[in-house]
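The values are calculated or read from the model by the stated rules, or taken from the named source; none is laboratory data. Remember, it's a predicted structure, so these values are computed and weren't measured experimentally. Using ideal geometry, Cβ is built from the backbone for each residue, glycine included, and neighbour counts are taken over all protein chains shown.
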Amino acid sequence: MLFHSGSAVVASTAAAKALGTEPLGRDREPSNDLQVLIGAHKAAYASFSKALHETDWGSRHLVKAGREEERALLAICAYAAVKEGDRLAKSRFLLEIEARGELDLAEHMQALLRSTMWEG
């Protein structure tokens, strides 16, 4: 769950970390597809962070890296996490992003809500 209140964010993040202390069983492992999306976002985020520290704010490289990171994050938000392992992994990852204050666009919420409307 995403909350706007600072204390709720801390509580929700702490609860997510507490859940993460148990090793995942086979039925609770995230799918390869979700692992690829999370890996792509981590790589895009690292590239954006590097560009942020090495280039001027207006550089094309920085803008491109920022867009790639945003697309990667939106892909995770939009991913229909059907299996328990995917739901847990997606929630944990997005709670970490939200705790940094980086899950703040209307597009993020729209993608998350649409991802819950998956029909098998």
(request) Look through the range 17-46, keep the residues that are modelled with pLDDT of 95 or more and small (Gly, Ala, Ser), and return whichever of them is farthest from residue 86 (Cα to Cα). (result) 46
(request) Could you tell me which numbered condition residue 110 fails, if it satisfies all but one of (1) surrounded by 13 or more Cβ atoms within 10 Å (Cβ to Cβ); (2) at pLDDT below 95? (result) (2)
(message) Here is a list: 44, 65, 72, 78. Which entry is of a type in the set (Gly, Ala, Ser) and surrounded by fewer than 17 Cβ atoms within 10 Å (Cβ to Cβ)?
(response) 78
(request) Filter the range 49-81 down to residues that are under 16 Å from the mean Cα position of the chain (by Cα) and not in a helix (DSSP H, G or I) and give me whichever is farthest from residue 115 (Cα to Cα). (result) 81
